[in-house]
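Asks: I'd like to ask you about the structure that follows.
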Amino acid sequence: MSVQTGVQPSGTSRYEADERGYFGQTWGGRFMPEALVAALDELTEAWHDAMADASFVAEFERILREYAGTPSRLYHAERLSERVGARVLLKREDLNHTGAHKIRNVLGQALLTKRMGKTRVIAETGAGQHGVASATAAAWFDLDCTVYMGAVDTRRQALNVARMQLLGAKVVPVESGSATLKDAINEALRDWVASVDHTAYLFGTAAGPHPFPSMVRDFCRGIGDEARAQCLEQYGVLPDAVAACVGGGSNAIGLFTAFLEDEGVEIHGFEPGGDGVETGRHAATIHAGEAGVLHGARTYVLQDDDGQTVESHSISAGLDYPGVGPQHSWLAAAGRATYTPVTDAQAMDAMALLSRTEGIIPAIESAHAIAGALDVAKRLGQEKGPDATVIINLSGRGDKDMGTAIEWFGLGDAEEGPEADLEQVEADAAPALDTEAQQ
Amino acid sequence: MTSTSTIFERARAEDRAALIGYLPVGYPSVEGSIRAMRAMVEAGCDAIEIGLPYSDPVMDGPTIQAAAQAALDGGVRTADVMRAVEEVAATGAPTLVMTYWNPVERYGVERFATDLAEAGGAGLITPDITPDHGSEWIAAADAHGLDKVFLVAPSSTDERVAMTAHESRGFVYAAAVMGVTGARDATSGLAGPLVDRVRASGDVPVAVGIGVSTGDQAAEVARFADGVIVGSAFVRCLLDHEGDEAAGLDALRSLTADLAEGVRRAR
């Protein structure tokens, strides 16, 4: 199969940022200390040069192909499709090396770091996935690597701390603030202010100051470029909808970008609804936040009346962030994409459903996309019939989430069996359309 | 309101550098921080930077983070900062607010400028807004005659130093080191050349901050800068005497006196 693996220079679409990093003239930008501006300018220039250099692009594509295992499959989930009455296609980013889409971003940024002649990388991580990916890329490219991780998270995710250490990275627990992801970003920025002459900051998502939102998007956009070509090649049509989970939003923007100009394609982002938006314990930033500035970009932010960042909550550590990539804020404001919250419970139901119908254990992040997208697929199936096609980004695999799943469903006791009635969970997660016909 | 430029005129007339002291509002309490800042003025600070605590202070080291977090945990609000400005400005010392941008945007940029001016504030120091991304603040500050203090860093290009000097009013804040706020053992060799570069770009005063904590360091910086900014060392006085306000104020007064002597000793 011949599929273009991604990297294309940014175009001039209305959905792109301008040269100062603003999407729709409002979102994004660079609200950063002057001390970092020279480094951000240097990075912007290096990124533009690299993307215009065919040898850089070819090398990135080679590493992705040979090392990360892209292009990832576009897989027809037949049993799920039958259930919802539409064609459900899963973009299998869970099968990439390190088990998620994030490897694309870190390999791109690390290759750029080498090109810029820097010798050290730093990264922030929440649950540890971006930290592990960064440590992996640093090992492969022989770069020094320091990962900042909230102290609360290092205790919750000791296995990932161990993985990073085995890969050769130094993990620094961050005790300040709420000791979670946002504070890890703060601490990484503090490191960078003092180390910027020889250090690159491998930002973990399509957020932060310009050029990160656009640069991370460019390194992740292979997801959508591949999926679009695969869908056309395998089914001869464009999808009716594409869907992804949105925390910071790198996997989502990586999928969405290829479809922005395809006006007939609905674009759906699913945000972490936590205990339910009405409870206040959630991370549904676009749905329930308000415009503000966080980590260098104007975007939707969970904040109080005085502009102090409010702590977010999600069962999925990878989505547990009180901001969101600014391009998503623009796509929402422009009406090009729709962002809807999915609760912890809905996501966990979808995790069980996908495990039991397709034999795929998804990351809880990706389970948010599954849960939300199945409703979209059902509606489209009713409107357009069973050939209606929905692409869901299966952004990561669920191995890392087994601790949460064990607790949530009461798994692990072979004699007693699961505490939860998983048959019922499976049935409730996506009720079959026509139960009589199936019996 | 009294513009910060007046303190540099006075300092120049006295052949010394000006001393600018920082404390965040709300640590150990709103009233306690106001008393502390007034004590700093009485003991010899020419101007005061009032910190508006923010949840994600990326330019601050552990000392200021600790006090700001305690202030937030204690429930400090933006309205408290305006009240602190009013009470500190009443001493006659120019009083600036220093804060990250989101609390200003959330309060409303125009409303913030209006209330700051009405409280007698001299202006605003914006560590995460550069002039090229600060047009909204620049417009509001200009409309209300407020000082706009932007930062330059050793990494700033000459072009950006010139742009920043041109857009600043009151003074330019020169970050002496590449790094976050906090006391350091030695003063930085990067500050002098940076001050020279600002001077080459115009006649706005230049104050040097980050890392200065003793009278001797203040004296070194005062040899080449118009002003010396001290933050973490003042905050440290309060943190070290938590629960004993009288001792904390004594420590503040004695540090202020040491620094004030330092900025006078240099020349």
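Asks: Hey, could you get me the Stokes-Einstein D for region A:237-288, Kirkwood radius over alpha-carbon pairs, 37 °C and 0.692 mPa s, rounded to whole µm² s⁻¹?
Replies: 274
Asks: Starting from one equal scatterer on each C-alpha and no solvent at all, send me the Debye-based log10 I(q)/I(0) for region A:265-313 at q = 0.18, 0.32 Å⁻¹, two decimals.
Replies: Debye output, listed in q order: -0.56, -1.22.
Asks: Per residue and in Å³, how big is the convex hull formed by the alpha-carbon atoms of chain B?
Replies: Spelled out: Cα convex hull of chain B, divided by residues, is 105 Å³.
Asks: Post the alpha-carbon centroid distance, region B:156-201 to region B:85-105, in whole angstrom.
Replies: Region B:156-201 and region B:85-105 have Cα centres separated by 22 Å.
Asks: With a Cα-only, solvent-free Debye model of region B:20-96, what are the log10 I(q)/I(0) values at q = 0.12 Å⁻¹?
Replies: Log-scaled intensity ratios, in q order: -0.28.
Asks: What residues have an amide H closer than 5 Å to that of A:His313, excluding those fewer than 5 places away on the same chain, when H is modeled at 1.01 Å from N in the peptide plane?
Replies: Counting only residues 5 or more places away or on other chains, the set is A:His282, A:Ala283.
Asks: Would you mind giving the mean number of other chain beta-carbons within 10 Å of the Cβ of each residue in A:295-308, as a whole number?
Replies: 5
Asks: Mind listing the phi-derived Karplus ³J(HN,Hα) values for region B:196-202, rounded to whole Hz, using 6.51, -1.76 and 1.60 with θ = phi - 60°, and x for any glycine or proline?
Replies: With coefficients 6.51, -1.76 and 1.60, one gets 4, 5, 5, 4, 5, 9, x Hz.
Asks: Stokes-Einstein at 10 °C, 1.306 mPa s, Kirkwood radius from Cα pairs: D for the protein assembly as shown in µm² s⁻¹?
Replies: 60
Asks: Cα-based Rg of region A:208-346 per 2.2 N^0.38 Å, rounded to two decimals?
Replies: In units of the 2.2 N^0.38 Å rule of thumb, it is 1.06.
Asks: Mind checking which aspartates and glutamates have their Cα closer than 13 Å to the Cα of A:Lys384? Skip sequence neighbours fewer than 8 apart in that chain.
Replies: A:Asp240
Asks: Spelling out what I want: for every residue of region A:278-292, take phi, set θ = phi - 60°, compute 6.51 cos²θ - 1.76 cosθ + 1.60 (Karplus), and round to whole Hz; glycine and proline get x.
Replies: Listing the rounded values in order: 5, 7, x, 9, 7, 9, 7, 5, 6, 5, 10, x, 10, 4, x Hz.
Asks: Under 8 Å for C-alpha pairs, at least 6 residues apart: give me the relative contact order for region B:86-171, rounded to a whole percent.
Replies: In percent, rounded to a whole number, it is 27.
Asks: Moving on. Using a Förster distance of 35 Å, how high is the FRET efficiency between A:Ser55 and A:Tyr235, based on the Cβ-Cβ distance and rounded to 0.05?
Replies: Approximately 0.55, to the nearest 0.05.
Asks: Something else about it: Calculate the radius of gyration of the Cα atoms of region A:172-214 to one decimal place, then report Dmax, the largest Cα-Cα distance, as a whole number, both in Å.
Replies: Reported Rg and Dmax, both Å: 11.0, 30.
Asks: How many angstrom lie between the Cα centre of region A:283-345 and the Cα centre of region B:8-40?
Replies: Taking the Cα centre of region B:8-40 as reference, the centre of region A:283-345 is 38 Å away.
Asks: Over the Cα atoms, compute the radius of gyration (one decimal) and Dmax (the largest Cα-Cα distance, rounded to a whole number) for region B:217-267, in Å.
Replies: When restricted to Cα atoms, region B:217-267 yields Rg and Dmax of 12.3, 39 Å.
Asks: Remind me, what semi-axes does region B:135-218 give for its equivalent ellipsoid, largest first in whole Å, using sqrt of 5 times each Cα gyration tensor eigenvalue?
Replies: The answer is 24, 14, 11 Å, longest axis first.
Asks: Between region A:403-432 and region A:44-101, what's the alpha-carbon centroid distance in Å?
Replies: That distance is 31 Å.
Asks: Mind pulling the per residue volume of the convex hull built on the Cα atoms of region A:1-154? Å³ is fine.
Replies: 189
Asks: Hey, another quick one. Send over the Kirkwood Rh of region B:172-241, from the inverse of the averaged 1/r over different Cα pairs, rounded to one decimal Å.
Replies: For region B:172-241, the Kirkwood estimate is 12.3 Å.
Asks: Ratio of alpha-carbon Rg to the 2.2 N^0.38 Å globular estimate for region A:133-229, to two decimals, please.
Replies: My calculation over the Cα atoms of region A:133-229 gives 1.17.
Asks: Also, I was wondering about something else. Arrange the following residues from fewest to most other Cβ atoms within 10 Å of their Cβ: A:Tyr148, A:Tyr300.
Replies: Least to most surrounded, the residues fall as A:Tyr148, A:Tyr300.
Asks: Could you give the semi-axes, largest first, of the ellipsoid that matches region B:93-182, computed as the square roots of 5 times the alpha carbon gyration tensor eigenvalues and rounded to whole Å?
Replies: For region B:93-182, the ellipsoid semi-axes come out as 22, 14, 12 Å.
Asks: Against the globular-protein guess of 2.2 N^0.38 Å, express the Cα radius of gyration of region A:315-365 as a ratio, rounded to two decimals.
Replies: Cα Rg divided by the expected 2.2 N^0.38 Å: 1.41.
Asks: While we're on this one: Rounded to whole Å and ordered largest first, report the semi-axes of the equivalent ellipsoid of region B:88-128 derived from its Cα gyration tensor (root of 5λ).
Replies: Working through the eigenvalues yields semi-axes of 19, 12, 6 Å.
Asks: Moving on to the next point. When B:Ser5, B:Ser155 are ordered from fewest to most other Cβ atoms inside 10 Å of their Cβ, what list results?
Replies: Starting with the residue having the fewest Cβ neighbours, the order is B:Ser5, B:Ser155.
Asks: Give me log10 I(q)/I(0) at q = 0.21 Å⁻¹ for region A:308-439, Debye formula, one equal scatterer per alpha-carbon, no solvent.
Replies: -1.35
Asks: Let me ask something else. Cut-off 10 angstrom, C-alpha nodes, Gaussian network model of chain A. Which of A:Ala188, A:Ala54, A:Ala138 fluctuates the most?
Replies: Comparing A:Ala188, A:Ala54, A:Ala138 in the GNM, the peak value goes to A:Ala54.
Asks: Pull up all non-local amide H partners of B:Ile50: gap of 5 or more, or a different chain, and H-to-H distance under 5 Å with H placed in the peptide plane.
Replies: When sequence neighbours closer than 5 places are left aside, the close amide H contacts are B:Leu96, B:Val97, B:Met98.
Asks: Between B:Ala247 and B:Ala79, what is the label-to-label distance in nm when each label sits 7 Å out along the Cα-to-Cβ direction?
Replies: 3.5
Asks: Past the 26 Å Cα-Cα mark, which pairs from A:Lys91/A:Lys118; A:Lys182/B:Lys148; A:Lys102/A:Lys400; A:Lys118/B:Lys148; A:Lys91/A:Lys182?
Replies: In this structure, A:Lys91/A:Lys118; A:Lys182/B:Lys148; A:Lys118/B:Lys148; A:Lys91/A:Lys182 exceed 26 Å between Cα atoms.
Asks: Follow-up. What ranking do A:Lys400, A:Lys114 get, fewest neighbouring Cβ atoms within 10 angstrom at the top?
Replies: In order of increasing Cβ crowding within 10 Å: A:Lys114, A:Lys400.
Every number in this text was worked out from the coordinates using simple rules, so none of it is lab data. All of these numbers come straight from a predicted model, not from anything done at the bench. Note: ideal-geometry Cβ built from the backbone for every residue, glycine included; neighbour counts use all protein chains shown.
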